[in-house]
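Remarks on the structure that follows.
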Amino acid sequence: MTRVPADMATPANILAVEDEESIREMLTFSLERQGHTVIAVPNVAAARKVLSDNRIDVALVDWMLPGGSGLEFVRSLRSGEGTRDMPIIMITARVEEDDVTAGLDAGADDYVTKPFSPKELNSRIKALLRRSRDSQTSDSTLSVGLLRINTSTHRAHAVKTSGNPHPLELGHTEFKLLRFFMENPERVYSRSQLLDHVWGSGTFIEERTVDVHILRLRKILKPAEADKMLETVRGAGYRLTVKGLPQITS
């Protein structure tokens, strides 16, 4: 499991994957001034070597990299046993909303566009590490109505009304969205609140992105007969409810 400094004043070990030398130097200089340790590499192969030899607390990944896409690299980190919970920030010149959504869907926790402020980047790193620390100290198993998730293994299933378990194949964003709802059942959250809590404040994507992921999550839950748990509250937002569901004890 990725370790996170217990005290936020404790420096972090940061992996920066960026092919432009000037940006690597700027990242190293600015973040080391904040007390962090930075290992900056130009490609995916070098990044994998760093990860095999070092404890990394957060990864900064450029989209366009020689020898492999940063997007695919992020996906591989999310599927890796030792890196699935690692905080990841994509740093890229791609600014279209579809690009931002693709980066977040691949598993990035945040998306910073070039040019960027080193001070702002450091603040986002600290916020991600704080959220990661908090999530690692919370209970690993959540159970709400028909739904069960394990936050340590990133596995989820629903207990169908027949009593049979139904595995849920959740993407990274859908997992975070479902986890948040399960941590806060019966509460209504607006789109902007969900963006702040699930995607992170300061992530500049349109609110309709939330609707897209709600639809995806409902589609995943439907075969397990759990899609009706995710309600739309007209004019207010969304909530996860157990009202009207049969009692499931397994």
Among VAL95, VAL100, the single one that is more than 21 Å from GLU25 (Cα to Cα), in a helix (DSSP H, G or I) and touching a strand residue (DSSP E or B) at 6+ places or on another chain (Cβ under 6 Å) is VAL100
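For residues that are among the β-branched types (Val, Ile, Thr) and surrounded by 15 or more Cβ atoms within 10 Å (Cβ to Cβ), scanning just the range 92-112, find the one that is farthest from the chain's Cα centre (by Cα). Give the derivation first.
Filtering the range 92-112 for residues among the β-branched types (Val, Ile, Thr) gives 92, 95, 100-101, 112.
Still in the list and also surrounded by 15 or more Cβ atoms within 10 Å (Cβ to Cβ): 92, 100-101, 112.
Working: THR92: 17, VAL100: 13, THR101: 12, VAL112: 14 Å.
That would be THR92.
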(1) surrounded by fewer than 18 Cβ atoms within 10 Å (Cβ to Cβ); (2) assigned to a loop (DSSP other than H, G, I, E, B) all hold for GLU72 apart from (2)
ARG84 vs (1) basic (Lys, Arg); (2) in contact with a helix residue (DSSP H, G or I) (Cβ under 6 Å, 6 or more places away or on another chain); (3) not assigned by TED's automatic domain parsing to the domain that holds ARG33: all pass except (3)
Counting only residues in the range 176-189 that are touching a strand residue (DSSP E or B) at 6+ places or on another chain (Cβ under 7 Å) and surrounded by fewer than 21 Cβ atoms within 10 Å (Cβ to Cβ), the one farthest from GLY103 (Cα to Cα) is identified as GLU186
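Table: residues versus (1) at pLDDT below 95; (2) touching a Pro at 6+ places or on another chain (Cβ under 9 Å).
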position: SER30; (1), (2): yes, yes
position: ARG33; (1), (2): yes, yes
position: ILE39; (1), (2): no, no
position: VAL44; (1), (2): yes, yes
position: ASN54; (1), (2): yes, no
position: ASP57; (1), (2): yes, yes
position: VAL61; (1), (2): no, no
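The values are calculated or read from the model by the stated rules, or taken from the named source; none is laboratory data. Bear in mind the structure is a predicted one, so any value in this text is a computation, not a measurement. With ideal geometry, Cβ positions are generated from the backbone for all residues, glycine too; neighbour counts draw on all protein chains shown.
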